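Below is one structure, written out as structure tokens; the observations come after it.
The values are calculated or read from the model by the stated rules, or taken from the named source; none is laboratory data. These figures come from a predicted structure and were not determined experimentally. Every residue, glycine among them, receives a Cβ derived from its backbone with ideal geometry; neighbour counts consider all protein chains shown. Accessible surface areas use protein heavy atoms only, side chains included; no ligands, DNA or RNA. Shrake-Rupley method; radii C 1.70, N 1.55, O 1.52, S 1.80 Å.
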Amino acid sequence: MIRRASLVLVGALMGATAMSVINTATLPAEAAGSSTYRELSIFGDVFERVRAQYVTPPKEDQLIESAINGMLSSLDPHSSYMNAKDAEDMRTQTRGEFGGLGIEVTMEDELVKVITPIDDTPAARAGVLAGDFISKIDGADVRGLKLEEAVEKMRGAVNTPIKLTLIRKGADKPIELTIMRDIIAVRAVKSRVEGDVGYLRVISFTEKTYDDLEAAITKIKKEVPEDKLKGYVLDLRLNPGGLLDQAINVSDAFLERGEVVSTRGRNEDETRRFNATPGDDTDGKPVIVLVNGGSASASEIVAGALQDLRRATVLGTRSFGKGSVQTIIPMGDAGALRLTTALYYTPSGKSIQGTGITPDITVEQPLPADLQGKLETAGESSLRGHIQGQSETDQGSGSSAYVPPEAKDDVQLQYALELLRGQKTDKAFPANPEKAELKN
């Protein structure tokens, strides 16, 4: 059932909250007019003036990179230039693995706090524990660093050592550990059994997502007998996206047939269609897809496909609304250009650009008192310079992107579980593939 599409990211703008889709290709170019070259000549003159006369000597490479990004950001929020480091970071994210220690961390009291060491990783084997505070990395204080800067210091080439100084509750002095970095595979899918329901949370769409999903479904089937399994919850909340081929494969895992998604560029002959193949990994069991304002691009492709083809009921709040495709074009010195080249469309022919996925069943997730008034509702439609969607209205896209840490407090999840168990009813559940919404 697994199909291969060219590298297309349907995910977050790296390091930001907005989402994108990426396809690698070499595109033909049309010659620019003579007036364009005159303008480029003016740019060259300005660059020389700045380089020679600015009050302090500027870094020329940064000037050029800023000029390129200024041009691209004037197009839309998702087109940009990536220097060699940024491009490698993107490739690392899409591979779903990196050289590192294997710990999930956050920032607390200006120190890096270990949320949990990942099983069978260098950190776990060295004795790092959940709740430990990292105060020094290779002898340098963590205080004053941003979380991403600290994480960057802990990552590195495989088989290279790093020294961590840990502060542990109950220990009378700091603990020093020297750990050898190794390849860390980031789980793209987390799963568990909620009694008689299989819970599948897709965190991002990396090269490992479909394989992780397939393994998770197999594990759930082994834990719950077929006659006891009520169905599946596919949680796409807070999922910023990733690779397009993985979004297609994840959709295909639940489908027997039908168009999953199409992409349409500037020219009609650039339209591409991707179809499901026979074989439903979940054996036709009922599926509920959870979405919120943090569900974007690749996750919206999956939600849109399963909704339009009536394979699943979508529950939650309106998704982010990122419906454009970015092509990744390799540039010199290992940099890359990320350029918006197409929009994608759900099986019914709808573009969700600037509108998002509207759930079949809207269930608001209450915010705890300490977060009320502090979380902004973000969506594609609120991004400056975004491409206007063909169906976009003043209502826009996006919604709250909050998910409680404890399942018992998760109103959206509990609502889905009650539907699957028959404790609640709704005309939108269960979905009926015979009533699939297809384009004419």
Practice task
Determine the per residue accessible area of the stretch 163-320 with all protein chains present and a 1.4 angstrom probe, expressed in square angstrom.
Solution key: 39 Å²
Exercise for the section: Please list the non-local residues whose amide H lies under 5 Å from the amide H of VAL261, H modeled 1.01 Å from N, same-chain partners needing a gap of 5 or more. Expected result: PHE274
Handout entry: Positive minus negative residues near VAL363 (Lys, Arg vs Asp, Glu; Cβ under 12 Å)
Key = -2
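If you take every residue apart from ILE203 with its C-beta less than 15 Å away from the C-beta of ILE203, what net charge results, scoring Lys and Arg +1 and Asp and Glu -1?
Net local charge, ILE203 excluded: +1.
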Completion exercise
The farthest towards the positive end of the charge dipole of the chain, of the residues THR209, ILE352, SER391, given +1 on Cβ of Lys and Arg and -1 on Cβ of Asp and Glu, is THR209
Exercise for the section: Only helical DSSP H runs with n ≥ 4 go in: add -39500 (n - 2.57) per run for the chain, normalise by residue count and round the 222 nm mean residue ellipticity to 500 deg cm²/dmol. Expected result: -7500 deg cm²/dmol
Exercise for the section: Under 1.5 on a/c is rounded, so check that first for the chain, then, if it is not, pick prolate when a/b is larger than b/c and oblate when it is not; a ≥ b ≥ c are the square roots of the alpha carbon gyration tensor eigenvalues. Expected result: oblate
Problem - Local electrostatic count, ARG51, Cβ distance below 15 Å [Lys/Arg +1, Asp/Glu -1] - result: -3
Exercise for the section: Rounded to the nearest Å, what's the spacing between the alpha carbon centres of the stretch 306-357 and the stretch 178-245? Just the number, please. Expected result: 21 Å
Completion exercise
The size of the Cβ-based charge dipole (Lys, Arg +1; Asp, Glu -1) of the chain about the Cα centre, to the nearest 20 debye, is 300 debye
Practice task
For ILE115 and ARG384, calculate 0.36 nm times their separation in residues minus their Cα-Cα distance, and state this gained length in nm to one decimal.
Solution key: 93.4 nm
Exercise for the section: Work out how much length GLN372 to MET71 would gain on full extension: take 0.36 nm times their residue separation and subtract the Cα-Cα distance, in nm to one decimal. Expected result: 104.6 nm
Exercise for the section: With an 8 Å cut-off on Cα pairs and a minimum separation of 6 or more residues, tell me the relative contact order of the chain in percent. Expected result: 17 percent
Completion exercise
Excluding residues fewer than 8 positions from LYS230 in its own chain, the lysines with Cα under 20 Å of it are LYS190, LYS219, LYS221, LYS222, LYS285, LYS408, LYS424, LYS427
Completion exercise
Once normalised by the length of the stretch 378-420, the mean sequence separation of its alpha carbon contacts under 8 Å that are 6 or more apart gives a contact order in percent of 33 percent
Practice task
Arrange the residues HIS78, HIS386 by how much accessible surface each exposes, largest first, with a 1.4 angstrom probe.
Solution key: HIS386, HIS78
Fill in the blank from the handout: Measuring from its Cα centre, the stretch 301-370 shows a charge dipole (+1 at each Lys and Arg Cβ, -1 at each Asp and Glu Cβ) which, in debye to the nearest 20, is 260 debye
Practice task
Quickly work out the GLU48-to-ASP211 label distance, labels modelled 7 Å from Cα along the C-beta direction, and quote it in nm with one decimal.
Solution key: 5.4 nm
Fill in the blank from the handout: To the nearest 20 debye, the stretch 50-165 has a Cα-centred charge dipole, built from +1 on Lys and Arg Cβ and -1 on Asp and Glu Cβ, of 280 debye
Exercise for the section: Using per-residue counts of other Cβ atoms within 10 Å, averaged over each peptide, order 49-55, 392-398 from highest down. Expected result: 392-398, 49-55
Exercise for the section: Pop a pseudo-label 7 angstrom from the Cα along the beta-carbon direction at both ALA84 and SER35 and give the gap in nm to one decimal. Expected result: 3.9 nm
